[in-house]
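What follows is a single structure, written as structure tokens, with notes after it.
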Amino acid sequence: METSVVSMFGDRVKTWNTFSSPWVVSHGGYGTDEHPPGIKDSDQATHNMLKSHAEAWHVYNDKHRKRQDAKVALYVVFALMLAHVVAAILVAYRLLKTQKKLKSMTATS
């Protein structure tokens, strides 16, 4: 009998995440020395994570997809960071428009 987490919980899980924040691991742990292990080889770390993600996807696809049909994904925080940056740019743009409007109103009065 197989005892993998996919076998045990697959009927309740709709998305399996192989890595959470792979950029933090590869860049912080292997690029900038901010996080352990502090080895500077982010290209190799990224390569290894992508290969292991692909391997997990294939194992799931071959052994479990017919019965469970869940997604296998990487959770990328960059998309969340990008959303925050876009929101900040929009706020700054609106602020500049408001400041210009106020200046033009005070200049004419």
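Once the Cα atoms of helix 78-108 and of the chain are each reduced to a long axis, what angle between those two axes, in degrees from 0 to 90 to the nearest 10, is obtained?
10 degrees
Once you have the alpha carbon radius of gyration of region 1-61, what is it after dividing by 2.2 N^0.38 Å, with N set to its residue count?
Values: Rg = 14.5 Å, N = 61, 2.2 N^0.38 = 10.5 Å.
Here the answer is 1.39, to two decimals.
Using all C-alpha to C-alpha distances in the chain, build P(r) with 5 Å bins and read off the rounded percent in each one.
Result, from short to long distances: 2, 10, 13, 13, 11, 11, 10, 8, 5, 5, 4, 4, 2, 1, 1, 0, 0 percent.
Measure nothing but the geometry: give the 0 to 90° angle between the long axis through the Cα atoms of 42-63 and the longest principal axis through the Cα atoms of the chain, rounded to 10°.
It is inclined by approximately 50 degrees.
Would you kindly find the accessible area of His53, with a 1.4 Å probe and non-protein molecules such as ligands, DNA and RNA excluded, rounding to the nearest 10 Å²?
His53 exposes around 30 Å² with every protein chain in place.
With a 1.4 Å probe and all protein chains left in place, how much of the accessible area of the chain comes from carbon and sulfur atoms, in whole percent? Don't skip to the answer; put the middle values down first.
On the way: 5450 of 8610 Å².
The nonpolar share, carbon plus sulfur, comes to 63 percent.
As a test of the formula, what do you get for the chain when each DSSP H run with n ≥ 4 contributes -39,500 (n - 2.57) and the sum is divided by the residue count, at 222 nm and rounded to the nearest 500 deg cm²/dmol?
-18500 deg cm²/dmol
Near Lys14, which lysines are there with a Cα under 28 Å away, not counting those fewer than 8 places off in the same chain?
Lys51, Lys63, Lys66, Lys71
Taking the chain as a Gaussian network, where each spring joins two C-alpha atoms under 10 Å apart, which residue of Lys40, Lys66, Lys97 fluctuates the most?
Its mean-square fluctuation being the largest, the pick is Lys97.
Keeping all protein chains in place, calculate the accessible area per residue for the chain (probe 1.4 angstrom), answer in Å².
Details: 8610 Å² over 109 residues.
It amounts to 79 Å² per residue over the chain.
If you stretched the chain out fully between Thr98 and Ser52, how much longer would it get, using 0.36 nm times the residue separation minus the C-alpha to C-alpha distance? Spell out each step's value before the answer.
Values: separation 46, 0.36 × 46 = 16.56 nm, distance 4.99 nm.
Net length gain for the segment: 11.6 nm.
The values are calculated or read from the model by the stated rules, or taken from the named source; none is laboratory data. This structure is a prediction, so every number in the text was calculated from the model and none was measured. With ligands, DNA and RNA removed, areas are computed over all heavy atoms of the protein, side chains included. Shrake-Rupley method; radii C 1.70, N 1.55, O 1.52, S 1.80 Å.
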